[in-house]
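Input: a single structure, listed below in structure tokens.
Derivation of every value follows stated rules applied to the coordinates shown; laboratory data play no part. Quick caveat, the model's predicted, so the values are computed rather than measured.
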Amino acid sequence: MSFVDDTLSVHQLDVICGVYRVLGLDVVAKTAYRSWWPSVHVWKNSGMDIDCWSYHNEQWFKGHLARILSGEFEPMSAGEWRRSLARGSNARGNFDSHLWQLSLALLPSSM
């Protein structure tokens, strides 16, 4: 009997995100990691992760892919990704606010 693993390994996730080990960039560790896309950990801790793929996420993805294909983008470190996603997103707050407004609209006016 064989079992199927329903999760991806860290290595598999790194391959999907285009993570590169770059020697000589970090003076202390002598090795740095850069990626074309944010790691799962960085994404999950950003405002971009709202537990579903939104219109905002799709627009960000298309814009980022266009920057990669045009040569305007260079892989970034995890810290650079955190700062970049923090600057460009309030998706979680917008989603929660919109959901709250929709929920209020469903309540009877007598409440």
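The rule of thumb for compact globular proteins, 2.2 N^0.38 Å, goes into the C-alpha radius of gyration of segment 1-86 1.25 times. With the convex hull constructed from alpha-carbon coordinates only, segment 34-82 shows a mean projected area of 3.3 nm² over all directions.
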